[in-house]
Amino acid sequence: GAGVSQSPSNKVTEKGKDVELRCDPISGHTALYWYRQRLGQGLEFLIYFQGNSAPDKSGLPSDRFSAERTGESVSTLTIQRTQQEDSAVYLCASSVPRERGGLYEQYFGPGTRLTVT
Amino acid sequence: AQSVTQLGSHVSVSEGALVLLRCNYSSSVPPYLFWYVQYPNQGLQLLLKYTSAATLVKGINGFEAEFKKSETSFHLTKPSAHMSDAAEYFCDLDGTALIFGKGTTLSVSS
């Protein structure tokens with residue numbers, strides 16, 4: 001079946017503009033995660049959605065960052081008034097949640113490379 | 001506090017040599033531990049996972065990892081490196097939070 005997809009694959013934007021990144025999880029995966037990966041660095045957790053529960057936003061770096069998810073499907077990560085330090089690869093992953101059994105591992109999308117000029 | 005430490009941001013080995021990538025964790029609950037690999041210009045994919053069923057876990061591409069509670073470690077090994085193993089490797093802890101290590105870049109020379 002189809003994996004996690006993300007769009008766009010690349011985005012170049014000017015400082016101060018808003019951007020929207022999209023993630024389509026694997027069908028049936030109720031858990032969805034967003035991460036940021038800066039050049040040469042590890043994964044930085046941003047936000048976690050699980051079904052209809054309130055999302056875990058503990059990783060969002062500032063109030064310029066927000067994310068939404070419609071039910072158990074598509075999610076969008078929005079960055080307002082982008083700054084140069086927002087340049088990174090933004091990764092989305094989905095999984096079957098632990099409490100539902102399943103294999104627990106996350107399935108990652110290819111990422112969106114964001115460059116803020 | 002939960003944490004994951006990957007010792008060595010860069011490991012270089014010769015083709016055919018043993019690969020050892022180190023991961024130590026700290027968790028207040030029994031952890032689930034994962035190793036992911038990221039090949040150049042590709043997304044992350046799961047190599048193997050520990051979910052308490054067995055302490056020695058075998059993954060794809062000949063990799064394996066052993067969960068050692070006494071050492072709070074989950075090191076990744078492969079007996080014989082191949083050029084195609086060159087990639088970035090991430091250790092992931094799923095305890096009360098999701099925590100990835102900073103990654104270890106593996107280089108393989110001929």
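Which residues, taken from segment B:60-110, are more than 21 Å from A:Y107 (Cα to Cα) and either assigned to a strand (DSSP E or B) or touching a His at 6+ places or on another chain (Cβ under 6 Å) (or both)?
Passing the criteria: B:E66, B:F67, B:K68, B:S73, B:H75, B:T77, B:K78, B:L106, B:S107, B:V108, B:S109.
Taking A:T82, is it of a type in the set (V, I, T) and crowded, with 18+ Cβ neighbours inside 10 Å?
yes
Suppose we keep only residues that are crowded, with 19+ Cβ neighbours inside 10 Å and under 8 Å from the mean Cα position of the chain (by Cα) within segment A:17-31. Which one would you say is farthest from the other protein chains (Cβ to nearest Cβ)?
Residue satisfying both the conditions and the ranking: A:L21.
Could you list, in sequence order, the residues of segment A:39-51 that are assigned to a loop (DSSP other than H, G, I, E, B) and either without any contact (Cβ under 8 Å) to a residue 12 or more places away in the chain or of a type in the set (V, I, T) (or both)?
A:G40, A:Q41, A:G42 - these are the residues of segment A:39-51 that are assigned to a loop (DSSP other than H, G, I, E, B) and either without any contact (Cβ under 8 Å) to a residue 12 or more places away in the chain or of a type in the set (V, I, T) (or both).
If a residue has to be under 19 Å from B:L106 (Cβ atoms), within 12 Å of chain A (Cβ to nearest Cβ) and exposed (fewer than 12 other Cβ atoms within 10 Å of the Cβ) to count, how many in segment B:39-58 make the cut?
1
Say whether the condition of being surrounded by fewer than 21 Cβ atoms within 10 Å (Cβ to Cβ), in contact (Cβ under 8 Å) with a residue 12 or more places away in the chain and in a strand (DSSP E or B) is met by at least one residue in segment A:91-100.
No; the residues of segment A:91-100 include none that is surrounded by fewer than 21 Cβ atoms within 10 Å (Cβ to Cβ), in contact (Cβ under 8 Å) with a residue 12 or more places away in the chain and in a strand (DSSP E or B).
I want to confirm something. Restricting to segment B:73-110 and keeping residues that are surrounded by fewer than 16 Cβ atoms within 10 Å (Cβ to Cβ) and among the hydrophobic types (A, V, I, L, M, F, W, C), which single residue is modelled with the lowest pLDDT?
B:A97
Tell me, which residue of segment A:37-66 that is touching a Lys or Arg at 6+ places or on another chain (Cβ under 6 Å) and not aliphatic (A, V, I, L, M) is surrounded by the most Cβ atoms within 10 Å (Cβ to Cβ)?
Going through the qualifying residues, I end up with A:F49.
The values are calculated or read from the model by the stated rules, or taken from the named source; none is laboratory data. No experiment lies behind these values; they were computed from the predicted model shown. All Cβ positions, even for glycine, are placed from backbone atoms using ideal geometry, and neighbour counts span all protein chains on display.
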